[in-house]
Amino acid sequence: MSGLSRLQLPFLPGFSFAEPNETKFNCPQTLTYKSGCAIAVPNQVVSPLEHLQLESHLGEGKVHYLTYGKQKKAPSNHQSSTLPNFIKFDKKVLKFDAYFKENIQNSMLEEYRIRHVNIYYYLIDDTMSISEPVIENSGIPQGKLVIRQKVPKNNEGEFFSWKDLNIEEDITIYGRTYHIVDCDKWSHDTMEIREVHKLNDGRDPYPLFLHRHKVPKDRSNVSSLFPIASTEPSETETENWFKDSDFAVGKTIQIYGRNFLLYDCDEFTKNYYKSKFGVEDFHPIEIKTEPVTLKKIETPPYNGFGSMEDSLQSCFSLVPHPPKKNIVKMLQNDGKVLRFEAVLNSVWPIDQSRKFIISYHLADDTISIYERPIRNSGLQGGKFLRRMQIAKPNSNPNSPEYYSIQDFKLGAPVIAAGRQFIITKADDLTLKYLEEHEQKFKVNGEYSDGQTQKRDIQCGPDEATSL
């Protein structure tokens, strides 16, 4: 049997024969490096018979790459710097201490209750979990409040990231607001720069000048192969990061090519540096800046489009807002309309017979004019002037003076739309309202003169608004 090959022996159930020509029993390599991590590769092992045939043709020891693959090179520094997140951030968790206020209903002892929680942020997949430490015999269901998941930040499909978590910040998760008060030591050494805006400083009101992250002292000292345009450097690329010991009042630091002068700090920062570093010198540096002289805003002349108040809003802001109205006055005088009869002061005979109804709306001091149709007069009648405020003649166009109810008296002229109207009558409801508010409008009987003036005024369909 020793002279027979295994391939020449019968393959019967229950019988197996060892290959006499096989001398190597090592296991092939099934992993390789790609992008800095080990991955599985297809099996490239050849059979012993094929191995002997190749050695006979090529020579012994020259076909080992067919069995074990090509020789692998050790991973370079660039490969190790671009490790995937599931390796680089494995078992790295940010822990924050926070609390939330829980309202208590139907209790005479307390109105709300403060509950302390721990917020965990997992860097490996940007997930979060919130748990409350269990207190024995507290009578409150405690433990896991939010299971590990990606927490939605808003209704636009955004999720919370580590940049949104900071001390003394409020975050709202599923309708509950948490106030972050502290974090562990591993979560320290991040920076954030906010620009202090002043009124009319000419700067865009961006909330952040630099978002919160670990800032390297020299960002340019990074390998040229690292994708610095799209990825922030980590501890693998640089070891020099800004820390709390690098800051002091009067010191100039360079952050991403910009020089920042630290000229003062708040009381909390002073107490922190006193307790940790023993610093006592916190004299602020006086910053001299040239006073900014603002140009006086001149209101342009009224162009005649729309109302004066509505057109003026475009001079106050880039996005015009509707002018403010006296809501109380509008509610108190809603639907109250005073009506007067008037004639045209004209030298033309055809205008002598024309009758007009002037309606004064007390809600917003607007005036509308309606012409009474007269049969076989040759004039159509109907709406003569839409409801609007009417400026008095010879008033300043940029600050006009409008007609008020005090200007409507018997025989008084009213100039509107280039025509002069003379008030001749007023209806009973108007007279009654003016007599009841005699002190306010100073009527003094100027609208009634016995039986000579009739008080009934017939209104058209557009003016039939009841008081």
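What follows is calculated from the coordinates using simple rules that are stated; it is not laboratory data. Because the structure is predicted, anything quoted here is derived from the model rather than measured. Positions of Cβ are generated from backbone atoms using ideal geometry, with glycine treated the same way; all protein chains shown enter the neighbour counts.
Taking 0.36 nm per residue of separation and subtracting the current Cα-Cα distance, fully stretching the chain between Glu401 and Thr23 would add 124.8 nm. For the stretch 331-440, the spherically averaged projection of the C-alpha convex hull amounts to 8.2 nm².
Could you please report the charge total around Lys270, scoring K, R as +1 and D, E as -1 over all other residues with beta-carbon less than 12 angstrom from its beta-carbon? Taking every Cβ under 12 Å from that of Lys270, the sum is -3.
Calculated FRET efficiency, Asp201 and Asp266, Cβ-Cβ r, R0 22 Å, to nearest 0.05? Using R0 = 22 Å, I get an efficiency of 0.50. Seen from Tyr402, the other residues with C-beta closer than 9 Å to its C-beta sum to a net charge of -1, counting Lys and Arg as +1 and Asp and Glu as -1. In this Cβ point-charge picture (+1 for Lys and Arg, -1 for Asp and Glu), the stretch 298-420 has a dipole of about 520 debye about its Cα centre.
Taking every alpha-carbon pair under 8 Å whose residues sit at least 6 apart, the stretch 123-188 reaches a relative contact order of 22 percent.
For the peptides 282-290, 154-162, 142-150, residues were scored by their other Cβ atoms within 10 Å and the scores averaged per peptide; the highest-first order is 142-150, 154-162, 282-290. Listed by chain and number, the aspartates and glutamates placed with their C-alpha closer than 12 angstrom to that of Lys276 are Asp244; residues fewer than eight positions away on the same chain are left out. The slack in the chain from Ile327 to Lys288, taken as 0.36 nm per residue of separation less the alpha-carbon distance, amounts to 9.3 nm.
Only Cα pairs under 8 Å and 6+ residues apart enter the sum, and on that basis the relative contact order of the stretch 307-389 stands at 20 percent. Legend: residue pairs Lys336/Lys425; Lys88/Lys150; Lys92/Lys217; Lys217/Lys243, Cα-Cα distance threshold 21 Å; pairs beyond threshold, Lys92/Lys217.
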